[in-house]
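*Asks:* Before I ask anything, here is the structure I am working with.
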Amino acid sequence: MSQTEVLNEILQKYHENKLSHAYLLETNNLNLALNDIKLLIKNLNCPENYQEKCCNCNLCNLINLENLPSLKIIEPDGANIKKKEIEDLKVSFSTKPIYSKYNIYIIKNAEKLNASSANAMLKFLEEPTPGILGFFLTTNKDIMIDTIKSRCQIYTLKYDDSSLESTLNISREIISTYISKIKLYLAAIYNQEFINHKTFLLNEFPNREDIENIFKIILAIYYQTFLKLNNLKYNEEIVSIYSLPEDKEKIQEKMQIISQILTNMSYNVSIELILDKFVIEMRGSHE
Ligand SMILES: [Zn+2]
């Protein structure tokens with residue numbers, strides 16, 4: 001099953017009123033899996049009938065900010081997940097959720113529940129309280145404690161390693177906000193259209209981190225196209241973001257320019273200077 005099929009199946013079970021009280025999800029990418037579970041939780045709870053971009057509802061915002069009282073995300077503090085965390089969880093979930101249908105906990109790196117925290121957790125699983133839903137996330141279910149495993153429904157969330165989400169380690173939702181801008185940006189560079197950097201990217205994406213992500217995606221487009229032109233395994237989704245009008249050598253030259261830009265970004269060079277340099281060099285190299 002693909003990760004989308006898994007999430008849809010859980011959603012389907014919800015609509016049929018057949019949700020398990022706990023799910024164990026084994027994944028090759030914890031951050032993406034966490035993002036997808038948040039997306040699922042929005043789907044379960046959003047009063048606005050959650051669609052890709054429900055930004056106006058309070059509940060979805062609180063989920064994004066990990067500030068929803070009925071959602072607890074527990075991560076290991078150092079080598080393991082402390083028993084106290086589990087006990088605190090029990091206390092805060094002893095009352096019914098106010099803003100959402102479920103009290104939901106997510107245990108990230110669930111294989112790091114040590115014997116005493118796993119014992120505390122078991123009480124939760126042995127006498128499931130209606131209205132509480134749990135997700136255990138792990139990269140390796142084989143090293144998880146059996147008594148927990150046996151009480152969960154188990155799925156695998158496998159992410160394609162060459163996908164943009166895996167490469168950038170950010171969610172599809174955020175990536176989709178960049179894509180249309182990237183298409184326009186590359187088209188303007190190739191067509192020698194005037195670009196005002198202060199407005200073109202920076203008005204919409206004033207953060208250095210966003211600009212860096214945008215350049216990482218641009219580099220991925222060139223790299224995957226390069227693989228394609230060399231008859232190697234490539235990612236069709238990334239290649240199709242923008243079809244580059246060039247040959248292997250030109251693409252390789254440009255990959256070097258973009259890599260250099262990303263290096264500059266990691267130093268304290270001004271963004272506007274970097275954007276200027278990028279357009280000049282990209283245009284220069286295809287004349
Ligand atoms: Zn919403």
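*Asks:* With the structure loaded, tell me whether Ser117 is buried (at least 20 other Cβ atoms within 10 Å of the Cβ), polar (S, T, N, Q) and either more than 23 Å from the chain's Cα centre (by Cα) or at pLDDT below 90 (or both) or whether it fails that test.
*Replies:* yes
*Asks:* Right, next: Which one is farthest from the ligand (Cβ to nearest atom), of the residues in the range 9-60 that are polar (S, T, N, Q), within 17 Å of the chain's Cα centre (by Cα) and more than 13 Å from Thr156 (Cα to Cα)?
*Replies:* Here the answer is Asn31.
*Asks:* Name the helices (runs of 4 or more DSSP H) wholly inside the range 11-113 in which the number of residues that are open to solvent by less than 10 Å² (accessible area, probe 1.4 Å) is 3 or more.
*Replies:* Counting at least 3 such residues, we get 30-45.
*Asks:* Inside the range 123-144, can you point out the residues that are at pLDDT below 90 and either assigned to a helix (DSSP H, G or I) or closer than 16 Å to Pro76 by Cβ (or both)?
*Replies:* Lys123, Phe124, Leu125, Glu126 - these are the residues of the range 123-144 that are at pLDDT below 90 and either assigned to a helix (DSSP H, G or I) or closer than 16 Å to Pro76 by Cβ (or both).
*Asks:* In the range 185-236, which residues are crowded, with 19+ Cβ neighbours inside 10 Å and in a loop (DSSP other than H, G, I, E, B)?
*Replies:* Leu201, Asn235
The values are calculated or read from the model by the stated rules, or taken from the named source; none is laboratory data. Please read all numbers here as calculations on a predicted model, not as lab measurements. Note: ideal-geometry Cβ built from the backbone for every residue, glycine included; neighbour counts use all protein chains shown. Just so you know, the surface numbers come from the protein's heavy atoms only, side chains and all, with ligands and any DNA or RNA stripped out. Shrake-Rupley method; radii C 1.70, N 1.55, O 1.52, S 1.80 Å.
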